[in-house]
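Notes to accompany the following structure.
The values are calculated or read from the model by the stated rules, or taken from the named source; none is laboratory data. This structure is a prediction, so every number in the text was calculated from the model and none was measured. All Cβ positions, glycine included, derive from the backbone under ideal geometry; neighbour counts span all protein chains shown.
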Amino acid sequence: MSRLERYGRRRSQTRAQRTLSVEDQSTKESAAGELPPRNNKHRSTKQQLTKLYYQFLIVFFIGLVAGLLIYGYGMLDNRLK
C-alpha cells in the first residue's frame, strides 16, 4: 500500500476499513512469500499507555486532594484544642 493510499486526503474510509485493507494486502503478500509489515506484526501500544497514564494522573490527584483535606482537618483539630 503506497503512502498516498494510506495517508491520502480521502477521509471517507474509517480506521477499521484501512486496517482491514492493510491486513488483506499483507495476507496477499505473505502468500507470495514476503514478510508482513512490522506494524502489522507488532502493534503499537501507544494509545493503551496514554490511557493508563491519564488514569494514573486522575487517581494521583484525587488521592492528593483527599490527603491534603485529611491533613488540613487534622491540623484544624489540633489548633482548636
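Quick notes on this structure:
- Every condition in (1) surrounded by fewer than 10 Cβ atoms within 10 Å (Cβ to Cβ); (2) modelled with pLDDT of 85 or more; (3) more than 24 Å from the chain's Cα centre (by Cα) is met by Leu80 except one, and the failing one is (2).
- Flag if Leu35 is aliphatic (A, V, I, L, M) and modelled with pLDDT of 75 or more: yes
Okay, residues lined up against (1) within 30 Å of Arg6 (Cα to Cα); (2) in contact (Cβ under 8 Å) with a residue 60 or more places away in the chain; (3) hydroxyl-bearing (Ser, Thr, Tyr):
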position: Arg38; (1), (2), (3): yes, no, no
position: Thr45; (1), (2), (3): yes, no, yes
position: Gln55; (1), (2), (3): no, no, no
position: Tyr73; (1), (2), (3): no, no, yes
